[in-house]
Amino acid sequence: MVSSFIWLMHLLNEDCAVWTLLAALLEKTTQPLKLVYLLNKRKYEQNDFLIYSLGGHSYFGAEKTPLTFLLIFSLIDYWDLSLPAVFLAEILTVVLLASVYYCFDKPELVRQKGAVTQYASDASELVLKAASLNEGVLYVAAAYLFCPYTVASCVAKTTTVFANMILAAAFVAMLNGYSMVFGCLIGLATYQSFYPVCLLVPGVLHFIQQLSGKVLVRPIGAFLGSFILLLLISAEIAGSWEFIEATYGFILAAPDLTPNIGLFWYFFTEMFEHFRLFFLATFQINAFVYVLPLSIRLRDDPMLLGTALLAFTAIFRSYPSLGDVGLYLALLPCWKHLYPFMRQTFIVGCMFVATSVLGPIMYNLWIFNGSANANFYFAVTLAFNTAQIFLVTDLLFAHVKREYHLFAGTKMELDGCAARLTLE
């Protein structure tokens, strides 16, 4: 564990140098807001901060709740939301994510050691090894620190870094059995962006399995209590309940169709107004419709369920950002034992690289140079989100295949002939 800590400090040092260099380049560029504009976050904040500083009402639709708005306003007003402040949040997130892996993998080793007698005789190579525990901590830290999406989010100084820190802390609380803390953190995350409410399900499943059914009321009660308390405080700060329509209504209704990395903006730009409500509900339900079937299938693995739901909300939310993608990508090393069963890694990797390079190019050609149109940029964002869907489904199917091989053995035969598992 000491060696892992030393390597983690080395990674933090190297990543700090990378972030500092990128921040310096961003400050010197003639149009530093291009990166931020693509992330679709800071643009709203700057408009609100200007209105608020002039004594005006800030809630004209900016996806920011009153407490979040006042916190970020104070950071900008006094600290200018400097890179060190965001960098500190990123460091805390890295430490929390490393703790997530350690708290998740260690009980998995114990569980599999107790069930090894039930496994097939030729499945010994599939069982987790204790030697992989320290390596996994480094993989998770490196995946978050050097992921271009999290680095871009940090350099752009978006508020996504704080949301990621809260979600990482919620996973740590869940794996350590702190049901009240978990409920409060999910309540805080839901208060910020609404979509994390679905993460309450894997937490409840985990507490039921690890503790007892009697603790069911604790995370739910803590969630409802913290969320309602935050709403009451927000209403007191704002002087009315108008902030609900301007924040959660803004998220659900998606009135701003500014181009981003999501799927909403292009579709609803082309949509006839009288069809808007129906397709808006159809699009929004995609972020939550997978909760029930996945909860039934992955009820014995709440951590994988939470990561899958985190990925689906990052894909199907109305205003996604690159930082949302970077968070669940950093959790993938928790299931590095599933990599041999994944069959689309090369295709998905190529799609991520291609879309990450072509996205900014098509955006600049369309918005700033005028030599392209919306179809070019939307084709890239569509491929980017398709790659994420392929990645999540490949990971889930790999989990199913590994479970099968643990109990049925690695040799697959049907009527004396070689066979293989396929997803239908």
**Request:** Give me the number: length gained by fully extending LEU92 to VAL110, i.e. 0.36 nm times residue separation minus the C-alpha to C-alpha distance, one decimal in nm.
**Result:** 3.7 nm
**Request:** Quote the accessible area belonging to TRP241 in square angstrom, nearest 10, computed with a 1.4 Å probe and with ligands, DNA and RNA left uncounted.
**Result:** 130 Å²
**Request:** Provide the solvent-accessible area of TYR139, counting protein heavy atoms only and rolling a 1.4 Å probe, rounded to the nearest 10 Å².
**Result:** 110 Å²
**Complete:** With a ≥ b ≥ c from the Cα gyration tensor eigenvalues, square-rooted, and the rule rounded for a/c under 1.5, otherwise prolate when a/b > b/c and oblate otherwise, segment 126-211 is oblate
**Request:** Provide the packing ranking of 348-356, 395-403, i.e. peptides ordered by the mean count of other C-beta atoms within 10 Å per residue, highest first.
**Result:** 395-403, 348-356
**Message:** Given R₀ = 22 Å, what would the calculated FRET efficiency be for PHE288 paired with GLU245, taking r from the Cβ atoms and rounding to 0.05?
**Reply:** 0.60
**Prompt:** What is the spin-label model distance, in nm, from PHE146 to LEU216 if the labels are put 7 Å beyond Cα along the C-beta direction?
**Reply:** 4.6 nm
**Asked** By the gyration tensor of its Cα atoms, with a ≥ b ≥ c the square roots of the eigenvalues, what is the shape of segment 133-274: rounded for a/c under 1.5, prolate for a/b over b/c, or oblate?
**Response** oblate
**Prompt:** Which parts of segment 367-397 would a label at LEU257 reach, counting a residue when its backbone N lies under 15 Å from a point 7 Å out along Cα-to-Cβ?
**Reply:** 374-375, 378
**Request:** Skip the ligands, DNA and RNA, and give the accessible area per residue of segment 182-279 with a 1.4 Å probe, whole Å².
**Result:** 48 Å²
**Request:** Using a cut-off of under 11 Å, list every residue of segment 242-266 whose amide N is near the label point 7 Å from the Cα of PHE279 along the Cα-to-beta-carbon line.
**Result:** 264-266
**Per-peptide average of other Cβ atoms within 10 Å, ordering 372-378, 266-272 highest first** = 372-378, 266-272
**Request:** Would you kindly state how much longer the chain becomes between ASN373 and MET271 on full extension, computed as 0.36 nm times their sequence separation minus their alpha carbon distance, in nm to one decimal?
**Result:** 35.0 nm
**Request:** Using a cut-off of under 19 Å, list every residue of segment 214-241 whose amide N is near the label point 7 Å from the Cα of ASN176 along the Cα-to-beta-carbon line.
**Result:** 218-220, 222-223
**Message:** Shape verdict for segment 289-346, please, from the Cα gyration tensor: rounded (a/c under 1.5), prolate (a/b greater than b/c) or oblate.
**Reply:** oblate
**Complete:** Distance in nm between TYR404 and PHE346 label points, each 7 Å along Cα→Cβ, equals 2.2 nm
**Prompt:** When every alpha-carbon pair in segment 193-299 is counted, what percent end up more than 19 Å apart?
**Reply:** 61 percent
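The values are calculated or read from the model by the stated rules, or taken from the named source; none is laboratory data. This one's a predicted model, so the numbers in the text were calculated from it and none came from an experiment. For neighbour counting, all protein chains shown are included, and Cβ atoms are generated from backbone atoms with ideal geometry for every residue, glycine included. These area figures cover heavy atoms from the full protein model, side chains too; ligands, DNA and RNA do not enter into them. Shrake-Rupley method; radii C 1.70, N 1.55, O 1.52, S 1.80 Å.
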